[in-house]
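For reference, the structure discussed in these notes is given below.
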Amino acid sequence: MLILAFDTATDVATSALVSDGEVLGERTSRAVTLLEDVDALLRQSGTHTKDVEALAVGIGPGSFTGVRIGLSTARGLALALGVPAAGVSTLEALAAGAPGAVPVVDARRREVFVLSDEPHVLDPRELELDPGTICVGSGAVRYRAVLEAAGADIPPDSDERHLPRARFHAQLARDFGPAEKVEPLYLRIPDADTKTL
């Protein structure tokens, strides 16, 4: 199955074209250039839009706007291509790219999204870690000093384990169906809505 996968929930958007587990192409950029990346992936791999059989999209948690861009793009592409889609947690994709590590995504507002038994949001100082625990993701990079003081080991900022690589979204995708049924994973209300509270 040829899967087009992408995630725009964090500051770095990732996209990949995966055929039966083989990565045909992969890109990193920003959410605003996602469609350009998709076009480049198809051209570089010598495939066409009609060859795509399914979509795998990151559902967050992450930036509210980023998640919405990814889901809107998935819905538009699924409708245009007539293919099913599956949602994949950004935290689970990070975990798949760094086995044994704790995925930590920057949630802004001095908080992080983490995956333990289930995804949740908390102050990075409240994250309980065993000494030597490896933490990866945008939250691990941003709160490096706090997490290292708690005993965590954070790879260098340039380490690719900090990115929710789209190849892992394709690997983790299950239960493909109508794209409009793929729901975002929000762990709190959007920043814009906090101003009205």
key: H48 paired with D11, simple spin-label distance in nm, labels 7 Å along Cα-to-beta-carbon   = 4.1 nm
ask   = Any idea what angle helix 34-45 forms with the longest principal axis of the chain, computed on alpha-carbon atoms, 0 to 90 degrees, nearest 10?
value = 60 degrees
inquiry  = With +1 assigned to the C-beta of every Lys and Arg and -1 to the C-beta of every Asp and Glu, and no other charges, what is the dipole magnitude of the chain about the Cα centre in debye, to the nearest 20?
reply    = 520 debye
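Equivalent ellipsoid semi-axes for the stretch 105-159, as square roots of 5 times the alpha carbon gyration tensor eigenvalues: give them largest first, rounded to whole Å.
They are 15, 13, 11 Å, listed largest first.
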request  = Note down the relative contact order for the chain as a percent, whole number, built from C-alpha pairs under 8 angstrom at least six residues apart.
outcome  = 24 percent
remark   = Along the dipole axis of the chain (charges at Cβ: +1 for Lys and Arg, -1 for Asp and Glu; origin at the Cα centre), the most positive-end residue among V112, T49, F168 is T49
query = GNM, the chain, Cα, under 10 Å: largest mean-square fluctuation among V104, V67, V146?
reply = V146
task = Please give the helix 64-81 orientation as an angle from the longest Cα principal axis of the chain, in degrees from 0 to 90, rounded to the nearest 10.
result = 20 degrees
key: Portion, in percent, of the accessible area of the stretch 23-116 that falls on carbon or sulfur, probe 1.4 Å   = 51 percent
key: Residue-normalised accessible area of the chain, given per residue in Å² at a 1.4 Å probe   = 49 Å²
query = Longest segment of the chain with no GluC sites (Glu not before Pro) in a DSSP loop having at most 15 other Cβ atoms within 10 Å?
reply = 54-127
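The values are calculated or read from the model by the stated rules, or taken from the named source; none is laboratory data. Everything numeric here is computed off the predicted structure, so don't read it as measured data. Note that each Cβ is placed from the backbone with ideal geometry, even for glycine, and that neighbours are counted across all protein chains shown. Remember, those area values only see protein heavy atoms, side chains included, never the ligands or the DNA or RNA. Shrake-Rupley method; radii C 1.70, N 1.55, O 1.52, S 1.80 Å.
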